[in-house]
Amino acid sequence: MKKLTGFILLLVLALALAACGTKKEESGNGGTADNGSKENTSEETKKLIVGASNVPHAVILEKAQPILEEKGVELEIVPFQDYILPNKNLDQGQLDANYFQHIPYLEAQKKEFGYDFVNAGGIHIEPIGIYSKKHKKLEDLPEGAEIIMSSSVADHGRALSMLEAKGVIKLKEGIDKTTATVDDITENSKKLKFKTDIEASLLTQVYEKNEGDAVMINSNYAIDAGLNPMEDAIEIEDSESPYVNVIAVRAGDENREEIKTLVEVLRSQEIQDFIKSEYKGAVVPVTE
């Protein structure tokens, strides 16, 4: 009888352990379901890491952050001071996109480094300006005046096209003016001299040191240095400039929903109004 009772107790214990194991498995499955639920929640909020110049790009992105969050996109902004690393980091996968460059520069970088990038959408134009502490007007430049430009060849065509539009020089007919260099100048009545070996980010320092007769500075660097392009420049590029700053991504990523949402938000009326109010013509929003 005792043996029978002991056997029954062992049987009950074994059944209890088996049931416990089943509950654990069910709990495990349930845990997986819970984790899956968490993963689903994570998927609902998609993260984007975007590299940007400090001004105005990062400022504009910061304004867009809460709007993107409402749309399920968590935006992380990585600021850059130069024009080289944002593309390198995008190519290496450290960024999902970058926002700092205009189309001719993007195309030049693709050609030089073989980057497989595409333009996911244009956001704004930053008119390039001519600054001088020695002269109040462009026409005041004396014969033989020295004009200092960025060492970036992609900026030369832009600067020279602006000078041509202002009647200072003439470029060869029929050339692609976005790729023009000083060698393409055919008329230079004032015999202007061009210094083209200064890093773009250092141009504001060159201006402050009163070097040369005039310095051509991109608006993002001018604004970052406390200059007001609309007031401090002696001449500024027309707002019809084709040098649109874009969201650049690796080829194929332009179809990602979160990238489309980013461009959509940056082109929204709220962000356009912010750009106009904040920069008063020194940065001009676009919708294409």
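The values are calculated or read from the model by the stated rules, or taken from the named source; none is laboratory data. All values derive from a computational prediction rather than experimental measurement. Here Cβ is always computed from backbone atoms with ideal geometry, including for glycine, and neighbour counts include all displayed protein chains. Note: accessible area is taken over every heavy atom of the protein model, side chains too, but ligands, DNA and RNA are not part of it. Shrake-Rupley method; radii C 1.70, N 1.55, O 1.52, S 1.80 Å.
Select from the stretch 158-176 the residues that are touching a residue at least 40 places away in the same chain (Cβ under 8 Å) and either part of a helix (DSSP H, G or I) or of a type in the set (G, A, S) (or both) and write down the one among them that is surrounded by the most Cβ atoms within 10 Å (Cβ to Cβ).
At the first step, the residues of the stretch 158-176 found to be touching a residue at least 40 places away in the same chain (Cβ under 8 Å) are 158-159, 162, 165-166.
From what is left, the residues that are either part of a helix (DSSP H, G or I) or of a type in the set (G, A, S) (or both) are 158-159, 162, 165.
On the way: R158: 26, A159: 24, M162: 24, A165: 15.
Here the residue is R158.
Considering every residue within the stretch 50-62, establish whether at least one is at pLDDT 95 or above, more than 20 Å from V244 (Cα to Cα) and either in a loop (DSSP other than H, G, I, E, B) or not acidic (D, E) (or both).
The answer is no; no qualifying residue exists.
Spot the failing condition for V182; the list is (1) of a type in the set (A, V, I, L, M, F, W, C); (2) closer than 27 Å to P56 by Cα; (3) touching a helix residue (DSSP H, G or I) at 6+ places or on another chain (Cβ under 9 Å), and only one is missed.
(2)
Name the residues in the stretch 188-206 that are crowded, with 20+ Cβ neighbours inside 10 Å and more than 29 Å from K172 (Cα to Cα), would you?
The answer is T204, and nothing else.
Would it be correct to say that Q94 is closer than 28 Å to E270 by Cα, out of contact with any strand residue (DSSP E or B) (no Cβ under 6 Å at 6 or more places or on another chain) and not in a helix (DSSP H, G or I)? Break it down stepwise before answering.
On the way: closer than 28 Å to E270 by Cα: no; out of contact with any strand residue (DSSP E or B) (no Cβ under 6 Å at 6 or more places or on another chain): yes; not in a helix (DSSP H, G or I): yes.
The answer is no for Q94.
I'm told T179 meets every condition in (1) open to solvent by 60 Å² or more (accessible area, probe 1.4 Å); (2) over 30 Å from Y99 (Cβ atoms) except one. Can you identify the failing condition by its number?
Tallying (1) open to solvent by 60 Å² or more (accessible area, probe 1.4 Å); (2) over 30 Å from Y99 (Cβ atoms), T179 fails exactly one: (2).
On the basis of being of a type in the set (D, E), open to solvent by 40 Å² or more (accessible area, probe 1.4 Å) and in contact with a strand residue (DSSP E or B) (Cβ under 6 Å, 6 or more places away or on another chain), does E146 make the cut? First the steps, then the outcome.
Details: of a type in the set (D, E): yes; open to solvent by 40 Å² or more (accessible area, probe 1.4 Å): yes; in contact with a strand residue (DSSP E or B) (Cβ under 6 Å, 6 or more places away or on another chain): yes.
So E146 passes the test.
Could you tell me which of the residues N98, N87, N119 is of a type in the set (S, T, N, Q), open to solvent by 10 Å² or more (accessible area, probe 1.4 Å) and under 12 Å from the mean Cα position of the chain (by Cα)? Let's see the steps before the verdict.
Working: N98 fails: open to solvent by 10 Å² or more (accessible area, probe 1.4 Å); N87 fails: open to solvent by 10 Å² or more (accessible area, probe 1.4 Å).
The conditions single out N119.
Just to be sure I understand the filter: pairs with C-beta atoms under 9 Å, separated by 6 or more residues or on different chains, first member in the stretch 237-255 and basic (K, R), second member modelled with pLDDT of 95 or more and open to solvent by less than 60 Å² (accessible area, probe 1.4 Å). Which pairs pass?
Pairs found: R250/L90; R250/G93; R250/D96; R250/A97; R250/Y115; R250/F117; R250/V118.
Among L202, L192, which is the only one that is hydrophobic (A, V, I, L, M, F, W, C), within 26 Å of K134 (Cα to Cα) and without any contact (Cβ under 8 Å) to a residue 12 or more places away in the chain? Before the answer, list the steps.
Details: L192 fails: without any contact (Cβ under 8 Å) to a residue 12 or more places away in the chain.
From the options L202, L192, the qualifying one is L202.
Of all residues in the stretch 208-250 being open to solvent by 20 Å² or more (accessible area, probe 1.4 Å) and hydroxyl-bearing (S, T, Y), which is modelled with the highest pLDDT?
Y221
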